[in-house]
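Asks: Got a structure for you, questions after.
Laboratory data are not the source of any read-out in this text; all were calculated from the coordinates shown. Just so you know, these numbers come straight off a predicted model, no measurement behind them. Neighbour counts are summed over all protein chains in view; Cβ atoms, including those assigned to glycine, are modelled from backbone coordinates with ideal geometry.
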Amino acid sequence: MNTHVVPHHFDSADQAYQASKLGIWLFLVTEVLLFGGLFVAYIMYRAMYPEMFHEASKLLSRPMGAINTIVLICSSFTMAMAVSATQRNDSNRANQYLIVTLFCAAVFLIIKYFEYSHKFHEGLLPGMYFTFEGLNHPKAPLFFSLYFMMTGLHGIHVLCGMGLILWMLIRSNRGEFSSQYFTPMENTGIYWHLVDLIWIYLFPLMYLIG
Amino acid sequence: MAHASYLDKKGLWSWLSTVDHKRIGLMYFWTSMGFFAIGGILALLVRLELMFPGQTIIDPNLYNKMFTLHGAIMVFMFIIPIIPAALGNFFLPILIGAKDVAFPRLNLASYYIFVTGAALAVIAILNGGVDTGWTFYTPYSIRSATSVVLTSLGVFIMGFSSILTGLNFIVTVHKLRAPGMTYFSMPLFVWAIYATAIIQVLATPVIGITTLLLVMERVLGIGFFDPKLGGDPVLFQHFFWFYSHPAVYIMILPGMGIVSEVIPVFARKHIFGYKAIAYSSLAIAFISFIVWGHHMFVSSQSPLANFLFSILTMLVAVPTAIKVFNWTATLYKGSIQLATPMLYALAFIFLFTIGGLTGLFLAALSVDVHLHDTYFVVAHFHYVMMGGTVMGLLAGIHYWWPKVFGKMYPEKLGKLAWGFIFLGFNMTFLPQFYLGKMGMPRRYHDYPVEYASLNFVSTVGSWSLGIGFAIMFSYLIWSLYRGKAASANPWNGKTLEWQIPSPPTEHNFEETPVITAGPYEYGVRT
Ligand SMILES: [Cu+2]
């Protein structure tokens with residue numbers, strides 16, 4: 001079933017597709033630059049306080065970080081499968097993959113929730129709220145500021161991604177997508193891969209440097 | 001010929017829910033012009049306070065808030081959106097023969113995002129305002145008792161609007177050009193907006209994260225910019241200027257684009273050095289990203305960095321001068337017609353050249369140590385922003401007024417207002433170069449008597465500016481009701497917007513145009 005109408009200001013479906021594609025890639029560029037500021041701050045402060053970063057990193061839970069990395073990579077895989085199923089006109093399969101993707105994203109956030117509450121409990125909080133006693137370095141709060149800012153901003157992106165995937169699920173269920181028209185689905189996939197990719201950088205930079 | 005104009009549909013809702021790029025452009029136009037009026041009144045009050053030494057009309061705290069608001073409103077709510085989001089929105093699709101921008105609904109969304117951000121900033125103003133200066137430098141902005149959080153959130157949100165507009169324009173230029181419209185048959189205004197859009201997309205996310213971190217700094221005390229917690233206030237300056245220097249070109253490039261449109265039309269000549277002007281827009285966009293450190297020569301930046309930033313900054317003069325030379329060469333032996341748009345375009349060349357050249361003084365390290373944070377800097381960037389961008393904007397407003405509204409503005413009053421604005425501008429800002437050279441620091445509420453006479457002249461000049469703008473606003477509004485109906489092509493332009501009715505129809509072109517000639521083929525025999 002193909003009910004999609006090309007918007008009036010485009011001459012062809014292909015032109016519309018090309019435009020959306022360029023649009024989403026440009027959007028990803030802006031996302032990279034948004035996170036770029038935080039990565040620059042990370043590089044700068046890690047260069048200033050290398051030992052503190054080593055010590056503080058040890059306080060993060062590697063197993064939880066590792067599980068989350070695997071969970072997100074899986075979700076990226078199922079997202080790609082959902083797009084490819086749509087392109088093959090198999091919307092049932094696509095819907096199943098989307099549900100699994102959503103499930104993985106939820107698992108990621110639940111694990112993050114437990115990590116965060118554990119940190120809160122120990123007083124490993126950003127900046128001036130830092131009350132943890134076991135780390136003997138005056139600048140240690142800075143590491144946790146970075147940790148919460150970077151993973152927090154990433155977490156917000158995961159939430160947005162879940163919203164988009166849910167929306168795609170609803171639209172796909174309504175039969176809006178087909179091998180002729182799958183632009184929003186594909187763009188959501190591209191966005192989701194970026195969210196995954198950012199985590200793939202965050203994980204070693206935060207958890208594995210100790 | 002009867003046709004349905006894009007203005008025909010009436011009712012507030014038909015505007016608020018429109019996805020027509022022309023209507024969205026107009027909504028941006030009136031919103032930003034409203035902020036321009038507010039920012040202008042604030043400027044007049046600031047100047048009034050500085051008319052005599054000592055306290056003239058307002059106390060120092062209120063004064064700090066006023067110049068901060070003047071700066072923040074003019075930068076974020078007027079000069080950044082006004083040309084790209086208002087005139088660019090209206091004319092970019094038409095100039096490339098498209099029916100709309102690539103993503104019309106996103107275009108509307110970006111307008112509402114802009115309004116939301118602006119509303120937050122307005123709430124911050126009502127909530128007591130901000131006194132940090134528009135640069136929000138840490139550590140003061142962390143400690144200031146004023147509404148820094150709300151204002152930065154406003155800037156953060158308006159940034160998104162700017163990003164989405166830029167993204168929309170880039171895609172529009174790449175994917176929606178009419179058949180036969182190659183990159184090098186695009187009008188130069190399109191090139192300028194395109195270069196601007198690149199900066200909007202690449203630089204604005206950085207101010208986004210910067211303002212967000214400033215908010216977090218105040219809310220959570222994250223310490224990124226707070227030396228007490230291990231952070232570095234200078235990092236804030238780097239982040240801030242990484243956006244805000246390129247933002248200067250978000251402001252000036254579109255003005256250059258308008259001048260490149262107006263000059264060939266009113267000189268009746270093919271533009272000289274089309275490709276050079278087009279490429280120089282891209283060159284300016286590129287260089288703009290690697291010069292930000294020139295704002296930080298006295299901020300403990302390393303001497304090597306200072307040296308490099310100084311050299312790189314001087315590089316900007318090259319593509320800029322290329323434009324000025326090409327405009328001048330276009331004027332050479334042209335049949336120049338001094339209509340109001342042309343007067344503003346010429347004012348642009350004259351004033352912007354002064355603004356640009358004094359920028360070189362500031363780029364020179366040893367000179368900058370003396371001039372840094374003095375009125376010389378204030379005069380310099382007003383010559384660029386107001387002498388440049390605003391003159392370009394006024395050229396564009398008069399040039400396109402007949403197309404946008406289908407009404408002619410009164411030419412004589414146009415020239416009269418131009419006279420007041422041009423003279424008033426120079427009278428206001430020329431003395432400030434001398435004040436700065438004499439060492440008067442910017443942003444101060446008071447000054448010693450040595451600076452009194454020049455400050456007095458400057459304030460009187462600001463009244464002439466005020467009168468000029470009042471005349472202009474009045475006749476523009478008047479012309480909407482009583483102005484003579486405009487023909488489709490009152491200036492004999494060759495670009496696509498003049499080939500369609502004034503005002504345009506809803507979809508711009510009844511049939512997709514096919515382009516066979518370049519944009520400025522005046523006096524070329526075919
Ligand atoms: Cu600069």
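Asks: Over the stretch A:13-207, how many pairs of lysines fall under 29 Å by alpha carbon, counting only those 8 or more apart in sequence or from different chains?
Replies: Count of close lysine pairs: 5.
Asks: Would you mind computing, in nm to one decimal, how far apart the modelled labels at B:S302 and B:S335 are, each placed 7 Å from Cα along Cα→Cβ?
Replies: Going from the B:S302 label point to the B:S335 one covers 6.1 nm.
Asks: For B:H398, A:H4, B:H370, what ranking results if the residue with the fewest other Cβ atoms within 10 Å of its Cβ goes first?
Replies: Listed from fewest to most nearby Cβ atoms, that is B:H370, A:H4, B:H398.
Asks: Give me the distance in nm between label points sitting 7 Å out from Cα along the Cα-to-Cβ direction at B:S487 and B:K275, one decimal.
Replies: Here the answer is 3.6 nm between the modelled labels.
Asks: Using Cα positions and a limit of under 21 Å, work out the lysines in reach of B:K333, with same-chain residues fewer than 8 apart set aside.
Replies: By straight Cα distance, B:K333 reaches B:K269, B:K275, B:K323, B:K494.
Asks: Using the Cβ atoms and a cut-off under 13 Å, what net charge is assigned to the surroundings of B:K403, where Lys and Arg are +1 and Asp and Glu are -1?
Replies: Residues close to B:K403 contribute a combined charge of 0.
Asks: While we're looking at this one, here's another question. Under the rule a/c < 1.5 gives rounded, and otherwise a/b versus b/c splits prolate from oblate, where does the stretch B:12-499 land using the Cα gyration tensor?
Replies: In terms of gyration-tensor shape, rounded.
Asks: How many percent of all Cα-Cα pairs in chain A sit more than 31 Å apart?
Replies: For chain A, the fraction of Cα-Cα distances above 31 Å is 31 percent.
Asks: Right, something else. Could you list, bin by bin from short to long, the percent of Cα-Cα pairs of the protein assembly as shown in 10 Å steps?
Replies: Percent of pairs per bin, in order: 3, 13, 22, 25, 19, 12, 5, 1, 0.
Asks: What's the exposure ranking of B:M472, B:M158, going from fewest to most Cβ atoms within 10 Å?
Replies: Taking fewest neighbouring Cβ atoms as first place, the list is B:M472, B:M158.
Asks: List every DSSP H helix in chain B whose Cα atoms extend 15 Å or more along the helix's own long axis and whose mean Kyte-Doolittle hydropathy is at least 1.0.
Replies: B:104-126, B:148-175, B:188-220, B:233-267, B:274-287, B:303-315, B:340-363, B:452-482
Asks: Using R₀ = 30 Å, calculate the FRET efficiency as 1/(1 + (r/R₀)^6) where r is the Cβ-Cβ separation of A:I200 and A:M48; round to 0.05.
Replies: 0.75
Asks: Provide the gained length on full extension for the span B:E511 to B:F325, in nm with one decimal, where the gain is 0.36 nm per separating residue minus the Cα-Cα distance.
Replies: 63.2 nm
Asks: Under unit Cβ charges (Lys, Arg +1; Asp, Glu -1), what dipole magnitude, rounded to 20 debye, does chain B have relative to its Cα centre?
Replies: So the magnitude is around 1120 debye.
Asks: Another question about this same structure. Show me the GluC sites (Glu not before Pro) within the stretch B:426-526 that DSSP assigns to loop and that have at most 12 other Cβ atoms within 10 Å of their Cβ.
Replies: Sparse-neighbourhood loop GluC sites (Glu not before Pro): B:E510, B:E511.
Asks: A further question on this structure: Simple spin-label model, 7 Å along Cα-to-Cβ: B:L62 to B:S453 in nm?
Replies: The modelled label-to-label distance comes out at 3.1 nm.
Asks: Then there is this: Please work out the Cα center distance from the stretch B:470-514 to the stretch B:20-94, rounded to the nearest Å.
Replies: 26 Å
Asks: Going by how many other Cβ atoms sit within 10 Å of their own, how do B:I336, B:I125 line up, fewest first?
Replies: Fewest to most other Cβ atoms nearby, the residues stand as B:I336, B:I125.
Asks: Another question, if that's okay. For the stretch A:53-172, what is the Kirkwood estimate of the hydrodynamic radius, computed as the reciprocal of the mean inverse distance between distinct Cα atoms, to one decimal in Å?
Replies: Mean inverse Cα-Cα distance, inverted, gives 16.0 Å.
Asks: A further question follows. Pull up the cross-link candidates among the lysines for B:K412, meaning alpha carbon to alpha carbon under 16 Å and not fewer than 8 places away within one chain.
Replies: B:K484
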